[in-house]
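The structure under discussion appears below in the form of structure tokens.
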Amino acid sequence: DGHPQTRKADAPIKPSPHPLVLLFWGRRNPHQRTKTNNKRRQNLSSLEPNRTFTSRRRSSGDTFIMNGTGPAANKLRVGLIFAGGPAPAANSVIGAAAAAFLENGHEVIGFFHGYSNLQDYHPVSHRLMPDKHYRVFHEKDLRGLRNSRGIVIGTARANPGKPIKAPEDLKDPVKTEKLRNVYNALVDMGIDALISIGGDDTLKTANLVLQFQTYLPEDAKRVRVIHLPKTIDNDYRGIDFTFGFFTAVDFMAKEILNLRADALATSGYFIIESMGRKAGWLAYGAAIAGEANLVLSVEDVDALGDLLKTGDYLDMSKLTDYLVELIVTRETKNDKHYGTVVLAEGLAEMLPPDFLGTTSKDDHGHISLGTVDLGKTVAQSVSARYEERVGRPKKITGVQLGYESRCSAPHAFDVMLGSQLGVGAYRALVEDNKNGVLVSCGGQLDVNYVEFDKLINAKTLVTEVRFVNPGSDFHRLARFMETRVDHEQVRIMSARRETAPVEKAD
């Protein structure tokens, strides 16, 4: 029963009724008529302290005060959503957040598979069904959850904000159709606040859900939005380290050490392509901990300039010469005939367009880097170039790493960090009356908040990637640990190849 769609909710909510019935929802029974309808549209997201309100899904007699003063104050129904790729400690975040709300008398709903069902919601033709599209969390569901693998509510990359490219698009009813579906689903289920867990694309979507509501009628219900940062890539602005990063580094480092032992036994090399998307955090962490002999990432291409680039693009031939020089250096200077090299997968995006061809893209417009198979491509090129230069073959194997780490058993630090972020969502909504913020941790897991508008470009509505800073202490650490390559010799080999006459076919 581990699959999110097969895990039973102990107290399922009845499915959304016909639109005419929606006008008369009550607190517990969605078919119970209320005395008045105007109160159901009151704004539950007001940040004004001590404001009295009545929820649209509560009976007219149930009045609460939004002051965050304790379990009895402002009973909320909170929705949890997890989107994007998996990450270790995902259940730590979900479990801690659910526990914090339940312990204080609130309700927690977990939506299955990201925005997949919410974006297609319709009160008649695509209603949200308990145990199929969502689950209600209870205390017993959380026992042992924080250290478990996987994602208890599943995930997906569905992108309801895909048509939105600029702020003015939020006024377009066609482009905002799926965002409206998400909003309607949340309102019809009586959700007071949405906790979004995901990467930078999911943060972008969370902001769009928030911004969409600014164009609604004044008396329309508002759903508050809080975001918790997730990615094994650690390329997030607003937080030092994201949950899952250290687990992924630890897992991949062990794999690299295994490959290193294999290379030593067979006098071969492994070219290891590491996940991490555009930034090099994961590649650098795994290479340093896994004792790789060299690591190269997107951040290094501009720093090394013409050693690796021709014009604006990464030159595969120059990259090949660089790695061959590494192998030759280790053989001639250190008498070492084995090794491991880590390449960040984001390097593939720096190759010329004709190299990438018709590589597919995901719902957020990102190239499917795994299909490029950079490690294997580079390994084949290096093997041929080495034999050409040295006159003998060399076993060089390309390997992809990353998927194996995404649902591995979470590292203790990630469990603590994830748990604090989950509790941080409760504190943001109940104690501090926040809306439109990312929950962050720093220092001794101190909770702080970063407003969406500080993380998202106001004109493009997209987030910005955080790269490893070239020359930073973390970046320099890798340089100290790896084999030094003679840059001048690489330039000589590349220049000799460029000026060599082309052999004509007979």
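The charge dipole of segment 386-506, taken about the Cα centre with unit charges on the Cβ atoms of Lys, Arg (+1) and Asp, Glu (-1), comes to about 420 debye, rounded to the nearest 20. Among the GluC sites (Glu not before Pro) found in segment 149-234, those both in a DSSP coil and sparsely packed, with 13 or fewer other Cβ atoms within 10 Å of their Cβ, are GLU218.
Leaving out ligands, DNA and RNA, and with a 1.4 Å probe, what % of the accessible surface on segment 80-174 is carbon or sulfur? That fraction is 50 percent. Under a 1.4 Å probe, what is the accessible area of segment 209-298 per residue, stated in Å²? Per-residue accessible area for segment 209-298 comes out at 30 Å². Checking every one of the GluC sites (Glu not before Pro) in segment 413-493 against DSSP loop status and a limit of 14 other Cβ atoms within 10 Å picks out GLU464. Shown is the FRET efficiency for PHE413 and GLU464, computed with R0 = 45 Å from the Cβ-Cβ distance and rounded to the nearest 0.05: 0.95. With a Förster radius of 22 Å applied to the C-beta separation of ASP446 and GLU139, the computed FRET efficiency comes to 0.20. Between ARG180 and GLU488, residue separation times 0.36 nm minus the direct Cα-Cα distance comes to 105.0 nm. Once the C-beta distance of GLU218 and LYS309 is scaled by a Förster radius of 56 Å, the resulting FRET efficiency is 0.55 to the nearest 0.05.
Per residue, the accessible area of segment 112-200 comes to 41 Å², computed with a 1.4 Å probe over protein heavy atoms only. If the segment from ARG392 to HIS122 were pulled out straight at 0.36 nm per residue, it would be longer than the present Cα-Cα gap by 90.6 nm. Label positions at ASP172 and LEU264, each projected 7 Å from the Cα along the C-beta direction, are separated by 5.8 nm. Computed on segment 276-324, with alpha-carbon pairs under 8 angstrom and 6+ residues apart, the relative contact order is 24 percent. Structure note, pairs LYS140/LYS254; LYS165/LYS204; LYS309/LYS333; LYS204/LYS434; LYS204/LYS254; LYS162/LYS278: Cα-Cα distances above 23 angstrom occur for LYS140/LYS254; LYS309/LYS333; LYS204/LYS254.
The values are calculated or read from the model by the stated rules, or taken from the named source; none is laboratory data. Note that the coordinates shown come from a computational prediction; the quantities given were computed from them, not determined experimentally. Cβ sites come from the backbone with ideal geometry, for glycine too, and all protein chains shown count toward neighbours. Each accessible area value is taken on the protein alone, full model and side chains, heavy atoms only, with ligands, DNA and RNA left out. Shrake-Rupley method; radii C 1.70, N 1.55, O 1.52, S 1.80 Å.
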